[in-house]
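Notes follow the structure.
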Amino acid sequence: ALAPPGIDELYALIWLGDAVAEGAYERIVIDPAPTGHLIRLLEMPSLALDWSHRLLRLMLKYRELAGGGELTADLVAFARRTRAVTALLQNPAEAGVLVVALDEPVVRLEACRIIDRVRSLGNHVPALIWNRVREAPAPLPVEPTVPQFVAAAVPSPIGPARLLEWLDDWRALRGDG
């Protein structure tokens, strides 16, 4: 409750930067909290770069007091990792924001807003998934258009056996067998 706004996103950015630098994962899937957190996470790299550049300038200006050394090296490394995360997130061949929405009037408007904002931040939106629907909804009116898919209203897969069945169903739909 005492954490300042954006601290979760900053922590996620640091973790992503480390994971990308280490090449620790082949794929990383981020399932953020609703809209505000997603947008803040996508805005965080440019904010964090700005902060680190300002801190570095202050440290250079007052190098006698700041000392530099390890802290300066840490800030430079953080800036490099953050630029790498930004490049990765903005590369449509490597990353994208898959929007999942319900077919309800307010949520449809929010989905349009999310897609527009994500794109304005330089990120790719490869598709939209309509969640828990019984029939295909009208396409979302965004330009350029986004491929839209339907996830049927089915009971949630609960337990390891049901999750594996669910995974097999998705692989079959994709043609992975």
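Between residues in segment 3-25 that are more than 13 Å from Leu42 (Cα to Cα) and residues that are at pLDDT below 90, which pairs lie under 7 Å by C-beta distance while being six or more apart or on different chains?
Once the first residue is more than 13 Å from Leu42 (Cα to Cα) and sits in segment 3-25, its partners that are at pLDDT below 90 give Ala19/Tyr25; Ala19/Ile28.
Give the residues of segment 17-36 that are open to solvent by less than 40 Å² (accessible area, probe 1.4 Å) and within 15 Å of Pro5 (Cα to Cα), sorted by residue number.
Within segment 17-36, just Thr35 meets the criteria.
Can you name the condition, by its number, that Glu104 falls short on among (1) among the acidic types (Asp, Glu); (2) at pLDDT below 90; (3) under 30 Å from Ala153 (Cα atoms)?
Single failed check for Glu104: (2).
Go through (1) open to solvent by 50 Å² or more (accessible area, probe 1.4 Å); (2) in contact with a Phe, Trp or Tyr (Cβ under 7 Å, 6 or more places away or on another chain) for Val100 and report which single condition fails.
With (1) open to solvent by 50 Å² or more (accessible area, probe 1.4 Å); (2) in contact with a Phe, Trp or Tyr (Cβ under 7 Å, 6 or more places away or on another chain) applied to Val100, the lone miss is (2).
Determine if segment 49-59 includes at least one residue that is part of a helix (DSSP H, G or I), modelled with pLDDT of 85 or more and among the polar types (S, T, N, Q).
There is at least one residue in segment 49-59 that is part of a helix (DSSP H, G or I), modelled with pLDDT of 85 or more and among the polar types (S, T, N, Q).
Pull up segment 37-88, narrow it to residues that are of a type in the set (D, E, K, R) and touching a residue at least 60 places away in the same chain (Cβ under 8 Å), then point me to the one that is surrounded by the most Cβ atoms within 10 Å (Cβ to Cβ).
The extreme case among them is Arg81.
Looking at segment 139-158 only, could you name the residues that are among the small types (Gly, Ala, Ser) and either over 22 Å from Val97 (Cβ atoms) or without any contact (Cβ under 8 Å) to a residue 12 or more places away in the chain (or both)?
Passing the criteria: Ala152, Ala153, Ser156.
Among strands (runs of 3 or more DSSP E) lying entirely in segment 88-167, which contain 1 or more residues that are of a type in the set (Phe, Trp, Tyr)?
In segment 88-167, the matching strands (runs of 3 or more DSSP E) lie at 128-133, 148-152.
The values are calculated or read from the model by the stated rules, or taken from the named source; none is laboratory data. Everything numeric in this text was worked out from a predicted model, so none of it was measured. A quick note on method: Cβ atoms are made from the backbone with ideal geometry, for glycine too, and the neighbour counts reach across all protein chains shown. Side chains included, ligands, DNA and RNA excluded: accessible areas come from the protein's heavy atoms. Shrake-Rupley method; radii C 1.70, N 1.55, O 1.52, S 1.80 Å.
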